[in-house]
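Chemist: So that we are looking at the same thing, I have put the structure below in structure tokens.
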Amino acid sequence: MKPPGFGNLRILNFKLLIFNSRLFRTGGFTLLEVLIALAVVGGLLVTLIYTLNYQLSILERHEKITISTLLAKNKMLEIEKNPADTSGNFEDPFSSYSYETKVKESPYAGISEVIVSVKAGDEEVKLNEFISQLQP
């Protein structure tokens, strides 16, 4: 005769044997852990791409402003020699940049105000300078 509960002990030992075997050992990650890790990495990548895109747009804007300023200074030097109202586009590789120059008389005798405006897309740079028109 078997002692009471002996059959249940054998089943319990069998279950422990199966779950402790190499086939059922868990040494990796669960599906939930993998999904959470993917969500975190995905969120970080979206933030990184957005930040990179924003920084590149700022870089492009600053490049346009810098080139516009240098072109306006160069045009100002030309206008100082021969003051006149002109407009047009710059030569290649700056054909996407346009300029406009204006010469205004100031309230003071012999002094004129020269305004050079350079546009590139939405960006515009204006330089003002006063020049003397008195002949030595």
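Chemist: Given (1) surrounded by 11 or more Cβ atoms within 10 Å (Cβ to Cβ); (2) outside any helix (DSSP H, G or I); (3) of a type outside the set (Lys, Arg), identify the lone condition not met by Gly27.
Modeler: Of (1) surrounded by 11 or more Cβ atoms within 10 Å (Cβ to Cβ); (2) outside any helix (DSSP H, G or I); (3) of a type outside the set (Lys, Arg), only one is false for Gly27: (1).
Chemist: Another question, if that's okay. Looking only at the stretch 39-62, which residues are of a type in the set (A, V, I, L, M, F, W, C) and within 12 Å of the chain's Cα centre (by Cα)?
Modeler: Of everything in the stretch 39-62, those that are of a type in the set (A, V, I, L, M, F, W, C) and within 12 Å of the chain's Cα centre (by Cα) turn out to be Leu48, Ile49, Leu52, Leu56, Ile58, Leu59.
Chemist: Restricting to the stretch 106-125, what's the tally of residues that are free of Cβ contacts under 8 Å to residues at least 60 places away in the same chain and surrounded by 13 or more Cβ atoms within 10 Å (Cβ to Cβ)?
Modeler: 11
Chemist: Only residues that are within 12 Å of Ala120 (Cα to Cα), loosely packed, with under 15 Cβ neighbours inside 10 Å and without any contact (Cβ under 8 Å) to a residue 40 or more places away in the chain: list them for the stretch 49-98, please.
Modeler: Glu60, His62, Glu63, Thr66, Asn89, Ser95, Ser96
Chemist: Got a sec? Which of Glu80, Glu91 is outside any strand (DSSP E or B) and at pLDDT below 90?
Modeler: Glu80
Chemist: Sticking with this structure for a sec: Quick test for you: out of Val41, Val46, Val34, Val103, pick the one residue that is of a type in the set (Val, Ile, Thr) and touching a residue at least 24 places away in the same chain (Cβ under 8 Å). Spell out the reasoning first.
Modeler: Numbers: Val41 fails: touching a residue at least 24 places away in the same chain (Cβ under 8 Å); Val46 fails: touching a residue at least 24 places away in the same chain (Cβ under 8 Å); Val34 fails: touching a residue at least 24 places away in the same chain (Cβ under 8 Å).
Just a single option satisfies the conditions, and that option is Val103.
The values are calculated or read from the model by the stated rules, or taken from the named source; none is laboratory data. For clarity, every value in this text was computed on a predicted model and none was experimentally measured. Don't worry about glycine lacking a Cβ; one is built from the backbone with ideal geometry, like all the others, and counts go over all protein chains shown.
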